[in-house]
Amino acid sequence: MSLKDYTLCVLIMAIWGVNFSVVKLGLEALDPMLLTALRFALAAIPAIFFVKKPDVHWGYLAAYGLTFAVGVWGLSTWAIGEGLSPGMAALLIQTNVVFGLGLGWWLLKESVSPRRSLGAAIALCGLTLSLTVTDGSVTASGVGLILVAALCWSLSGVILKRSQTKQVFAFSVWSMLFAPLPLCLLSYLQVGTQGINALIGHMTLSGAFSIVYQAYFTTLFGYWIWNKLVMAYRLSHVAPFTLLVPIFALLGSSVWFHEGITTQKVVSCALIALGLLIGSLPAAKFTTLALRLRKA
């Protein structure tokens, strides 16, 4: 990987990590569902005029839009609104890999190797440890919502595979069209007309910044660059970079909202990252690494 692409990859991880703090910033102005609806509306409307619709059935686009935009980000934003800190939200949503392992075995009949099972077990240990954090950055409702969001992320991956699309970025862009309406409906069911009233009469500069950042930097720019890197290099080369997201999220939340970085959080992050790394390493590399550790 060239230095330029390496730098871009780290930059995208930083953008995605800081995004969790930007979400919390937006929640000071808008309710979770309306904030998420505006994010995907602004991302979809200009983009679809420049990106050709992928050659897949509309049903796949609708299903992906609902699970990814509504399920993943609607619930993640709601979880932060329920008191889960941005850093812990970014950390706990990484458990989507564990859910993905089970769903892949159940729905796609994918084999589960001992290596992936070991990685999932280590990641679950990190998840369990994170639930014992008592500094106020973890709430029961927030954890419940973020775990459902992680499950939705795994489901969206299954839908993406079932669609057999080769145009991943276009698929993501066009699926966003199905997100704003159900998110606005959920906003109305949760807070009535308060959300629209806040948008029209009490919109803040920080709220506007949050929407723009999520729509253009996190969603369009982030996924555009990410998909270019995935196309240019092996997935096994770029996927481990996503382990940087919770690190940047914890740092961003610490700077922005003074979230404490405790020993429990560091160990939880390390265990989840180690588990995901073991699960994502190619079998040959994992065997080589294990042999080297034995010799050492």
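The values are calculated or read from the model by the stated rules, or taken from the named source; none is laboratory data. Quick caveat, the model's predicted, so the values are computed rather than measured. All Cβ positions, glycine included, derive from the backbone under ideal geometry; neighbour counts span all protein chains shown.
Listing for the model above:
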| read-out | value |
| --- | --- |
| Subset of region 113-138 that is charged (D, E, K, R) and part of a helix (DSSP H, G or I) - its residue that is surrounded by the most Cβ atoms within 10 Å (Cβ to Cβ) | Arg116 |
| Candidate set: region 204-221, residues that are in contact with a Leu (Cβ under 8 Å, 6 or more places away or on another chain) and over 21 Å from Thr67 (Cα atoms); chosen: the one surrounded by the most Cβ atoms within 10 Å (Cβ to Cβ) | Ser210 |
| Which numbered condition Ser156 fails, given (1) assigned to a loop (DSSP other than H, G, I, E, B); (2) in contact (Cβ under 8 Å) with a residue 24 or more places away in the chain | (1) |
| Test result for Leu189, more than 21 Å from Ser85 (Cα to Cα) and either crowded, with 18+ Cβ neighbours inside 10 Å or in contact (Cβ under 8 Å) with a residue 24 or more places away in the chain (or both) | no |
| Hey, Thr242 at pLDDT below 90 and assigned to a loop (DSSP other than H, G, I, E, B) or not | no |
| Given (1) out of contact with any Gly (no Cβ under 8 Å at 6 or more places or on another chain); (2) assigned to a helix (DSSP H, G or I), index of the condition Ser253 fails | (1) |
| Evaluation of Thr204 against (1) touching a helix residue (DSSP H, G or I) at 6+ places or on another chain (Cβ under 8 Å); (2) of a type in the set (S, T, N, Q); (3) within 23 Å of Ala41 (Cβ to Cβ) (one fails), failing number | (1) |
| Subset of region 120-143 [free of Cβ contacts under 8 Å to residues at least 24 places away in the same chain and closer than 16 Å to Val98 by Cα] | Thr128 |
| Subset tally (residues that are surrounded by 12 or more Cβ atoms within 10 Å (Cβ to Cβ), of a type in the set (A, V, I, L, M, F, W, C) and modelled with pLDDT under 60) for region 257-288 | 1 |
| Test set (1) crowded, with 18+ Cβ neighbours inside 10 Å; (2) under 19 Å from Gly81 (Cβ atoms); (3) among the β-branched types (Val, Ile, Thr) - Val173 fails condition number | (2) |
